[in-house]
Amino acid sequence: MKLLIATRNRHKFGEFIDLLGLPAEAVTCAADRTDLPEVEENGQTFAANAIHKAITWATVTRTWVLADDSGLAVHALNGAPGVFSARFAGPNATDADNNRRLLELMKGVADRRACFKCALALVAPSGDLRVIEGACPGVILHQPRGKQGFGYDPLFVPDGFDQTFAEIEASAKNRISHRARALQALRAAWPDCLQQFRPPAP
């Protein structure tokens, strides 16, 4: 049995594989499936959206599903863009559109504190549900820097660093990001769940 990673974002899927430490043949990306219904992310929290997607797709596929919802919460904007991070500038917004929108709202704002947040929902074919979260605090710059990463990475400098997520090497980002911290917590809390997707020791 494979673990379905409930994302069609190839960048995010790559992060999941690296951070879970699972062999590529043990996981499936939702982008490679044609039998998955669209799931409206209309929850009020990251956890609610992750749970809804994981349960919906686990019911359809009858396999293990790991879903996440994540985004940026800016202190001066009362937690926005929050669950609307991917569509902050509109339903078909690009990363560049969202970044421009954020910079417009932050123009002249002195308090640049922000936090990337991630909620993970792991659902078994039996319906057993487990939820865990991770966060990475930092600040929002006045202009983007860097070419790596995606989303708001060019605007976000994590605490303790001078570089944005779009400038930091992927290996470094994968140690400190919100998704990394959530997945690290998952590995520590439920090693038995992940072990079934690894080949047996020789």
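A short reminder: the numbers here are calculations on the coordinates, not readings from a lab. The structure displayed is predicted, hence computed values, not measured ones. So basically every Cβ, Gly included, is an ideal-geometry build from the backbone, and we count neighbours across all protein chains shown.
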By the scheme Lys and Arg +1, Asp and Glu -1, what is the net charge of all other residues having a beta-carbon under 11 Å from that of CYS118?
0
The whole-number value in µm²/s of the Stokes-Einstein translational diffusion coefficient for segment 27-95, with Rh from the Kirkwood sum over alpha carbon pairs at 4 °C and 1.567 mPa s, is 97
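Order by neighbour count: LYS147, LYS173, fewest other Cβ atoms within 10 Å first, most last. Please report the intermediate quantities before stating the final value.
On the way: LYS147 9, LYS173 23.
Lowest count first: LYS147, LYS173.
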Which residue, chosen from ILE55, ALA96, VAL131, occupies the Cα position most advanced towards the positive end of the dipole of the chain, where the dipole is computed from +1 (Lys, Arg) and -1 (Asp, Glu) charges on Cβ about the Cα centre?
ALA96
Can you give me the Cα centroid spacing of segment 47-74 and segment 137-172 in angstrom?
26
Per-residue counts of other Cβ atoms within 10 Å, averaged by peptide: what ranking do you get for 33-39, 149-155, highest first?
149-155, 33-39
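How would you rank SER171, SER70, going from fewest to most other Cβ atoms within 10 Å of each one's own Cβ?
Numbers: SER171 8, SER70 25.
Placing the least packed residue first, the sequence is SER171, SER70.
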